[in-house]
Amino acid sequence: MITLFENIGAYFILLSRVFKKPDNYKLIFKQTIHEMVSLGIGSLGLIAIISVFMGAVVTIQTATNMNNPLLPGYLVGFATRESFILELAPTVMSLILAGKIGSNVASEIGTMRISDQIDALEIMGVNSASYLVFPKIIASLIFIPIIVIYSMALGIIGGLVVSMYFDGMTLNDYILGIRFDFKMFSITYALIKSVFFAFIITSIPSYFGYYVKGGALEIGKASTKSVVYSSIIILIINYLLTQMLLV
Amino acid sequence: MIEVKNLYKSFGDNHVLQDISVSFEPGKINLIIGGSGSGKSVLTKCMVGLHEIDSGSILYDGKEFTTMNFKQKKKIRKDIGMLFQASALFDSLTVEENVLFPLEMYTKQTKKEMLERVNFCLDRVNLENANKLYPAELSGGMKKRVGIARAIALNPKYLFCDEPNSGLDPFTGIVIDQLIQEITKEYNMTTIVITHDMNSVMETGENIMFLYQGKNWWQGDNHEIVKADNKELSEFVFASKIMKQFRNA
Ligand SMILES: Nc1ncnc2c1ncn2[C@@H]1O[C@H](COP(=O)(O)OP(=O)(O)OP(=O)(O)O)[C@@H](O)[C@H]1O
Ligand SMILES: [Mg+2]
């Protein structure tokens with residue numbers, strides 16, 4: 001329990017160093033662009049594959065479970081859209097990114113720690129916390145909401161493709177369904193969540209990487225811990241935000 | 001001049017440095033020798049503020065370093081060049097960008113001037129045509145040399161080198177020793193070199209400190225070290241057959 005509080009304290013101390021006014025904006029800007037490319041663009045393929053297949057599967061499952069003449073045909077499209085916008089795109093994709101980006105960030109920063117690169121930065125007058133972590137956080141705050149929108153679109157397209165050839169469903173019903181009772185607030189809600197998750201996905205692995213002690217083995221452990229902790233925290237925040245925003 | 005006074009440093013129960021007092025003079029090669037794990041790297045990291053010390057003081061040209069804030073420390077660090085034991089090159093940057101980094105951080109030169117300086121430094125460590133390579137593409141000895149080029153890029157007032165010639169062939173090792181000696185004299189640097197290389201000790205040691213059991217066990221120059229009447233030091237320096245022959249000759 002004490003180490004938990006110590007960790008939380010150290011995490012916020014790190015954040016306070018991360019958000020110190022940078023003394024070299026050009027350097028930070030360059031790093032942010034670099035991170036957006038490496039973390040953001042690098043995730044597009046994975047998210048596309050997962051979204052399309054999940055959209056297809058959700059559609060098939062809903063269709064087979066609701067194969068009842070009393071239920072309107074558009075319900076399947078509606079259900080796919082709602083589940084993607086509210087939960088699958090923001091939360092599940094963030095959990096997946098927490099695994100992909102989290103382990104990447106933790107091992108990158110952890111390697112820099114144990115090979116003295118962080119010390120070298122400090123000697124050269126760089127606030128290493130700000131230089132390494134701030135661009136990652138900013139980059140993810142920008143690209144994760146974009147990825148979430150992108151995932152929503154691809155998930156719905158996945159369902160649409162299935163609806164064209166799946167027995168007992170028509171394309172028209174599906175399109176009617178995805179347009180039925182659409183509330184803009186659902187998108188806003190998803191984006192608010194994704195901003196919180198974006199912050200968690202990069203800041204927590206940065207923390208575990210930054211304070212690695214020892215060798216390569218500890219870097220592996222730090223990566224694992226980052227993924228576990230950021231996933232748990234994403235789930236908790238998801239619950240709290242849903243309570244606050246939807247209820 | 002850097003003075004260390006009554007410095008203590010421990011990691012938990014591991015009392016690495018105990019009551020270290022020593023001064024390092026400008027224009028001289030100051031060597032730190034001692035067994036593996038005796039605290040040489042920790043001592044230099046304490047001196048530049050990478051480790052918090054438990055107690056004691058560290059003076060840069062008379063100014064107390066330990067109580068400075070980040071900004072004041074940064075001003076001192078601008079004058080510090082440091083070669084780390086494991087080189088600590090930035091993995092994501094090329095050789096050229098690595099040496100460029102401190103110049104971009106601390107100077108307002110034009111890109112062309114900076115690149116000239118980069119090439120000059122790489123030349124001095126006998127590294128040509130490696131500008132565009134990444135650290136992962138270099139041998140251990142090449143990394144060391146890039147690390148040295150980066151450390152001297154800003155013409156530092158204080159130069160720290162943690163085992164500059166370990167992992168180098170004898171010829172390149174001597175080239176590096178001579179380079180360090182030359183720039184130390186030329187710019188009147190305060191140079192502190194950690195070494196295991198007895199050749200360097202005998203050739204360049206003007207002020208040698210022997211760390212043993214966390215203490216400043218012995219201090220003197222390369223002439224005194226041969227005659228020194230100190231059991232632990234003699235065991236350390238004359239461990240090899242060839243050094244024993246050298247002493248008896
Ligand atoms: N970051 C650290 N945390 C805890 N203990 C450390 C740390 N760095 C060094 N030590 C301990 O301090 C002692 C001295 O280590 P140091 O790296 O200074 O040795 P050294 O004299 O440089 O040895 P070598 O010649 O092998 O490089 C060792 O016992 C080491 O375990
Ligand atoms: Mg060492």
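The values are calculated or read from the model by the stated rules, or taken from the named source; none is laboratory data. In this text the structure is predicted, and so the values were computed from the model without any measurement. Neighbour counts run over all protein chains shown; Cβ positions are idealised from the backbone, glycine included. Surface areas here come from the heavy atoms of the whole protein model, side chains and all, with no ligands, DNA or RNA. Shrake-Rupley method; radii C 1.70, N 1.55, O 1.52, S 1.80 Å.
The accessible area of B:Asp197, taken with all protein chains in place and a 1.4 Å probe, comes to roughly 60 Å². Close amide H partners of B:Leu127, meaning residues 5 or more places away or on another chain with modelled amide H under 5 Å apart, do not exist here.
Largest first, the residues B:Phe65, A:Phe12 sort by 1.4 Å accessible area into A:Phe12, B:Phe65. Amide H to amide H distances under 5 Å link B:Trp218 with B:Phe210, where only residues 5 or more positions off or on other chains count and H is placed in the peptide plane. Comparing the full protein assembly with the isolated chain (1.4 Å probe, heavy atoms, ligands and nucleic acids excluded), the residues of segment A:113-129 losing at least 10 square angstrom of accessible area are A:Ser115, A:Asp116, A:Gln117, A:Asp119, A:Ala120, A:Leu121, A:Glu122, A:Ile123, A:Met124, A:Gly125, A:Val126, A:Asn127. Placing pseudo-labels 7 Å out from each Cα toward the beta carbon at A:Asp181 and B:Met202 gives an inter-label distance of 9.1 nm.
Helical runs assigned H by DSSP (4 residues or longer) give chain B a calculated mean residue ellipticity at 222 nm of -11500 deg cm²/dmol, each run adding -39500 (n - 2.57) before division by the residue total. In the protein assembly as shown, the portion of solvent-accessible area held by carbon and sulfur atoms comes to 61 percent [1.4 Å probe, whole percent, DNA, RNA and ligands not counted]. For A:Phe53 and A:Lys21, the FRET efficiency from 1/(1 + (r/R0)^6), where r spans their Cβ atoms and R0 equals 51 Å, is about 0.70.
Go ahead and run the numbers for FRET between B:Phe120 and B:Glu97, Cβ-Cβ distance against an R0 of 22 Å, rounding to 0.05.
The pair B:Phe120/B:Glu97 has a calculated efficiency of 0.85.
Could you tell me whether segment B:47-124 comes out rounded, prolate or oblate from its Cα gyration tensor? Rule is a ≥ b ≥ c as square roots of the eigenvalues, rounded for a/c under 1.5, then prolate if a/b exceeds b/c, otherwise oblate. It is prolate, given that a/c is not under 1.5 and a/b is the larger ratio.
Exposed loop sites here mean GluC sites (Glu not before Pro) with a DSSP loop assignment and at most 10 other beta-carbon atoms within 10 Å; chain B contains its longest site-free run at B:129-249.
Counting only heavy atoms of the protein chains and using a 1.4 Å probe, B:Ser55 has close to 50 Å² of accessible surface. Distance between the pseudo-spin-label points of B:Asn188 and A:Ile232 (7 Å out from Cα toward the beta carbon): 6.0 nm.
Sorted by accessible area with a 1.4 angstrom probe, largest first, how do A:Phe182, B:Phe24, A:Phe199 fall? Walk me through the numbers before you get to the answer.
On the way: A:Phe182 100, B:Phe24 0, A:Phe199 55 Å².
The residues order as A:Phe182, A:Phe199, B:Phe24, largest area first.
Using Cβ point charges alone (K and R +1, D and E -1), the dipole size of segment A:127-247 about the Cα centre works out to roughly 460 debye. Rounded to whole numbers, the Karplus 3J(HN,Hα) couplings from phi for segment A:230-247 are 5, 5, 4, 5, 4, 5, 5, 4, 4, 4, 5, 5, 5, 4, 6, 8, 9, 7 Hz, using 6.51 cos²θ - 1.76 cosθ + 1.60 with θ = phi - 60°, and x at Gly and Pro. For chain B, the solvent-accessible area of protein heavy atoms averages 46 Å² per residue (probe radius 1.4 Å; ligands and nucleic acids excluded). Dipole orientation for segment A:2-245: of the candidates A:Met184, A:Phe196, A:Ala129, A:Ala129 has the Cα lying most toward the positive pole (charges on Cβ; Lys, Arg +1; Asp, Glu -1). For a paramagnetic label modelled on B:Asp13 (point 7 Å from Cα along Cα→Cβ), amide N atoms under 20 Å away belong, within segment B:39-53, to B:39. Here's how it looks for B:Lys28: its modeled amide H is under 5 Å from those of B:Thr191, which are all 5 or more places away or on a different chain. Leaving ligands and nucleic acids aside, the A/B contact buries around 1700 square angstrom of accessible area in total at a 1.4 Å probe radius. Output the 0 to 90 degree angle, nearest 10, between the alpha-carbon long axis of helix A:128-165 and the longest principal axis computed from the alpha carbons of chain A. Approximately 10 degrees, to the nearest 10. Computed over protein heavy atoms with a 1.4 angstrom probe, the accessible surface ordering of B:Thr67, A:Thr188, B:Thr190, largest first, is B:Thr67, A:Thr188, B:Thr190. Applied to segment A:197-210, the Karplus parametrisation 6.51 cos²θ - 1.76 cosθ + 1.60 on θ = phi - 60° returns per-residue 3J(HN,Hα) values of 5, 4, 5, 5, 4, 9, 6, 5, x, 4, 4, 5, x, 5 Hz, with x for Gly and Pro.
The chymotrypsin sites (Phe, Trp or Tyr not before Pro) found in segment B:140-249 that occupy coil by DSSP, while having at most 16 further C-beta atoms within 10 Å, are B:Tyr187.
Shown in residue order for segment A:173-182 are the 3J(HN,Hα) couplings computed by the Karplus curve 6.51 cos²θ - 1.76 cosθ + 1.60 at θ = phi - 60°: 4, 4, 5, 4, x, 6, 9, 6, 6, 7 Hz (x for Gly and Pro).
Placing a pseudo-label 7 Å from each Cα along the Cα-to-Cβ vector at B:Lys132 and A:Leu44 gives an inter-label distance of 2.7 nm.
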